[in-house]
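Structure first, commentary second.
No value in this document is a laboratory result; all are computed from the given coordinates. It should be emphasised that the depicted structure is a prediction, and the values quoted were computed from it without experimental measurement. Positions of Cβ are generated from backbone atoms using ideal geometry, with glycine treated the same way; all protein chains shown enter the neighbour counts.
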Amino acid sequence: MSGARAYSPFDSARFYRLLPYRVPLGRTVLVLNQTVSTQLALRTELDRLGAAGRGLLAVAEEQTSGRGRRAQDWWAGPPHANLAISLAVHHPPIPPETLGMHAACALADAARPHTRGHTLALKWPNDLLLDGAKFAGLPVETGANADAALLGLGVNLRVAPPIEVADYPTTRLDPHANREAFLARWLLALSRRLAQAGRVGPARLESDCLALLQNWAPHGVHEPRSAHRGPLVQFSVHDGLTWGVEGHFETRPLGWIEQLEPLAIPTF
């Protein structure tokens, strides 16, 4: 696909028609023709709006210096083609590390109509892969605002980065996907997941997150700081992530795991 193709600007009116009224997230949309970073723009706008900024969503038509996890640049694609957004989530779930995981599972929900016959996976902690290639990332900033977390989302929706700007496998989700419909579907899924966790606890998050992580690392994982390695066996919001083999299990609290690597072949 040529990078010169022209895509339509974000249609806020259509987005609002597609977003169910009961969804509290994204009720106010700030569309930015060009921005250095949606996270920075959202933080500035929240400081200005105060309580009126609840659920504020910033959508960039073109993002020039988006930041991925661990301060890496995120390639956002040509104007209007992909999704580069930031969302204010007031009173985020506890522990705060789970917000990105709720969002990643909701993104898998939104992506499934586009991925039948393909494998969706979650690369620790919040990168989404399609058949082993990255198509989305979800950086989260907690403590950036008094009572809100800033949830970023970058999706290679219709265009994947050229090979010279990515040193890892990447892909696009669907060249025919509609940005407004996809974003509304993700916000609905995220809202449902957060509400369900608030009502009945994190069981769904734990099972769905573990399954997506196992798709990423079917032979198991190792952490650079630990000698223990082995299959992923449990994901617990309270206790953390557990991997290993009988007699040699390792459990780490979610906020303590900076990096995990998948095992290419079983070595246990």
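Residue 176 fulfils the conditions (1) loosely packed, with under 15 Cβ neighbours inside 10 Å; (2) in a loop (DSSP other than H, G, I, E, B); (3) of a type outside the set (S, T, N, Q); (4) touching a Leu at 6+ places or on another chain (Cβ under 8 Å) except for a single criterion, (4).
Only one entry in 187, 213 is buried (at least 21 other Cβ atoms within 10 Å of the Cβ), under 15 Å from the mean Cα position of the chain (by Cα), in contact (Cβ under 8 Å) with a residue 60 or more places away in the chain and under 30 Å from residue 263 (Cα atoms), namely 213. When the range 89-138 is filtered for residues that are β-branched (Val, Ile, Thr), more than 21 Å from residue 184 (Cβ to Cβ) and surrounded by fewer than 21 Cβ atoms within 10 Å (Cβ to Cβ), the ones remaining, listed by number, are 94, 119. In this entry, residue 181 passes the filter for residues that are of a type in the set (Gly, Ala, Ser), farther than 18 Å from residue 128 by Cα and surrounded by fewer than 22 Cβ atoms within 10 Å (Cβ to Cβ). Limited to the range 23-53, what total is found for residues that are out of contact with any helix residue (DSSP H, G or I) (no Cβ under 7 Å at 6 or more places or on another chain) and touching a residue at least 60 places away in the same chain (Cβ under 8 Å)? Going through the range 23-53 one residue at a time, the tally reaches 5.
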